[in-house]
Amino acid sequence: MSLAPTRSRAGSAGERDSALPAPRAGRLQRPSWRDGRLIAGVLLVLLAMITGALTLQHFNNSVTVLQASHTLEPGDVLSKDDVTAVEVRLDSPQRYLSSVPTDGSGRVVREVPAGELIARTAIGDAAALQVRAIAVPVTGASAATLQRGSSVDVWVSQRESDATGTTSYKAPQRLLERVSVASVPSSGGGLSGATGDPAVQVMVPQDQVAALLAAMNSGGKVDLVPVSAGSAP
């Protein structure tokens with residue numbers, strides 16, 4: 001009896017594998033502008049560049065303005081010795097002085113403390129000056145406690161005489177608040193009042209000049225009381 005030939009399992013598996021379609025290698029495609037991921041990437045790069053440029057511009061946006069080297073008093077004529085040029089970053093640099101005026105408008109019209117940036121509104125011509133320097137006689141002990149730039153209150157005690165001719169003084173009244181001392185007499189001399197006492201120059205608002213002069217001319221006692229920086233008016 002003859003036996004029919006049989007196929008091996010290995011042969012059958014090979015035939016099945018050969019019957020499957022062979023995989024095709026994928027081809028790389030060049031990115032297109034229509035690709036959403038490419039567009040998003042480009043936008044992110046542009047955004048980062050713009051943000052960096054704006055940040056650098058912000059930190060490099062410094063300007064040169066003038067700073068008071070010492071306390072500037074009303075009536076002072078601004079000079080190069082009074083200021084220091086500094087570089088700062090400001091939101092409104094046009095509000096501050098960048099150079100010393102040379103057209104006659106360089107007079108200080110309000111007090112500028114040492115180290116403060118000099119605002120344009122603090123500088124003007126003589127017509128813009130709202131205060132006048134008045135010499136006030138004080139005792140030597142009082143003058144010794146004051147210096148240029150000190151803030152003082154001006155107190156006045158009015159003089160009065162009774163029927164017997166006895167002179168006395170009324171209770172002191174505060175005439176001026178927080179006025180600046182423009183100058184004090186030196187130990188070797190300087191300004192002095194009609195009584196021979198040393199005189200301290202104080203910057204008096206124009207509308208108060210007449211009242212102060214009247215008090216001094218009538219024989220009233222004028223006292224300058226220093227005001228500390230943190231005290232309430």
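The values are calculated or read from the model by the stated rules, or taken from the named source; none is laboratory data. Just so it is clear, the structure is predicted and the values come from calculations on it, not from any experiment. Glycine also receives a Cβ, built like all others from the backbone with ideal geometry; neighbour counts cover every protein chain displayed.
Checked against the criterion of being surrounded by fewer than 17 Cβ atoms within 10 Å (Cβ to Cβ), without any contact (Cβ under 8 Å) to a residue 12 or more places away in the chain and not basic (Lys, Arg), the range 102-115 has at least one qualifying residue. Only residues that are over 17 Å from the mean Cα position of the chain (by Cα) and surrounded by 17 or more Cβ atoms within 10 Å (Cβ to Cβ) were counted in the range 116-128, giving 1.
In the range 71-101, which residue that is among the polar types (S, T, N, Q) and within 27 Å of ARG178 (Cβ to Cβ) is surrounded by the most Cβ atoms within 10 Å (Cβ to Cβ)? Looking at residues that are among the polar types (S, T, N, Q) and within 27 Å of ARG178 (Cβ to Cβ), I get THR71.
The residue that is modelled with the highest pLDDT, among those in the range 98-134 that are within 12 Å of ALA68 (Cα to Cα), outside any strand (DSSP E or B) and hydrophobic (A, V, I, L, M, F, W, C), is ILE118. Scanning the range 116-137 for residues that are small (Gly, Ala, Ser) and touching a residue at least 12 places away in the same chain (Cβ under 8 Å) yields ALA119, ALA122, GLY124, ALA126, ALA128, ALA133, ALA135.
For the range 169-183, the set of residues classified as closer than 8 Å to VAL200 by Cα and surrounded by fewer than 20 Cβ atoms within 10 Å (Cβ to Cβ) consists of SER183 only.
Of the candidates VAL112, VAL136, the single residue that is of a type in the set (A, V, I, L, M, F, W, C) and in the same structural domain as GLN67 (by TED's automatic domain parsing) is VAL112. Being touching a helix residue (DSSP H, G or I) at 6+ places or on another chain (Cβ under 7 Å) and without any contact (Cβ under 8 Å) to a residue 40 or more places away in the chain is the filter here, so list the residues in the range 138-189 that pass it. If the condition is that a residue be touching a helix residue (DSSP H, G or I) at 6+ places or on another chain (Cβ under 7 Å) and without any contact (Cβ under 8 Å) to a residue 40 or more places away in the chain, then LEU176 is the only one that fits. Across the range 80-97, the number of residues qualifying as modelled with pLDDT of 90 or more and in a loop (DSSP other than H, G, I, E, B) comes to 1. Would a scan of the range 156-163 turn up a residue that is more than 25 Å from LEU129 (Cβ to Cβ), of a type in the set (S, T, N, Q) and modelled with pLDDT of 85 or more? Yes; the residues of the range 156-163 include at least one that is more than 25 Å from LEU129 (Cβ to Cβ), of a type in the set (S, T, N, Q) and modelled with pLDDT of 85 or more. Quick check, is THR71 out of contact with any helix residue (DSSP H, G or I) (no Cβ under 6 Å at 6 or more places or on another chain), hydroxyl-bearing (Ser, Thr, Tyr) and either free of Cβ contacts under 8 Å to residues at least 24 places away in the same chain or closer than 30 Å to ALA211 by Cβ (or both)? When the stated conditions are applied, THR71 passes them.
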